[in-house]
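Step one of this worksheet: look at the structure below.
Just so it is clear, none of the values below were taken in a lab; they were calculated from the coordinates. Just so it is clear, the model here is predicted, and its values are computed rather than measured. Neighbour counts are summed over all protein chains in view; Cβ atoms, including those assigned to glycine, are modelled from backbone coordinates with ideal geometry.
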């Protein structure tokens, strides 16, 4: 992967019937970085992530993932083994305890179970006592940490996380963010995540793509975006770019 982008999207569009969700998205993700999609609900973030995860096909445009031209590849099974995707609405199997849950997915992915468990337990941050309890007794934050652990213990080249801290309290959000940051630091994998939490994005991300109404209104490092827009923070930058975009297309 050296010298190549992990993700390259050029003028990607996606429609469901007459409704156009993505209106020509172009972005690139480099190896080893945390890249964030930022925007309000309904902006097109989840659709973009699903296309990156090869779970949805674009209506038009070019997309290359881990060096594979997705539109031309007949078999994506090898590519999908190097990607792991965590949807926002995912949940754990409530009747399994934490260890059983991680073991189940380690075996499902054909991993070295002992190694996968070592990685997964560390990422989860859960105590041995908690890991022996049924996951159905976990708080939402604990379940999310277990889901993050299940996703990252497979050591994907590209991990795709949709709103990883959505609905979590402050302390659970901090734990999830630290797990994500530590993982990329130690493993060198790339992570693409979506969020509407601007504090989280500024803390976690190397670069961002700002999406509104299916359009890319800004892309780059957080410092570059703040400098270009003359804003104090990313939230203010996003607001300025959205208003600028509206003015550009106003009649």
Alpha-carbon Debye profile of the range 128-205, log10 I(q)/I(0) at 0.13, 0.17 Å⁻¹: -0.39, -0.66
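Given the Cα atoms of the range 1-88, and with Rh set as the inverse mean 1/r over their pairs in the Kirkwood sense, what is Rg to Rh to two decimals?
Over the Cα atoms of the range 1-88, Rg/Rh equals 0.94.
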Long-range tail of P(r) for the chain (Cα pairs > 33 Å, %): 20
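If packing is taken as the average count of other Cβ atoms within 10 Å, what order do 108-119, 141-152 fall into, highest mean first?
141-152, 108-119
So, R0 is 25 Å and r is the distance between the beta-carbons of residue 171 and residue 95; what FRET efficiency does that work out to, to 0.05?
Step by step, r from the Cβ atoms, then E = 0.40.
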Net length gained if the chain between residue 235 and residue 80 were fully extended (0.36 nm per residue, minus Cα distance): 52.4 nm
Antiparallel content of DSSP bridges confined to the chain, in %, to 5: 55
Choice from 51, 222, 170 with maximal GNM fluctuation in the chain (Cα, 10 Å cutoff): 170
Separation between Cα centres of the range 150-202 and the range 20-93, rounded to whole Å: 16
Over the range 107-164: Rg over Rh, Cα atoms, Kirkwood Rh: 0.96
Over the chain: helical MRE at 222 nm, DSSP H runs n ≥ 4 each giving -39500 (n - 2.57), nearest 500: -12000 deg cm²/dmol
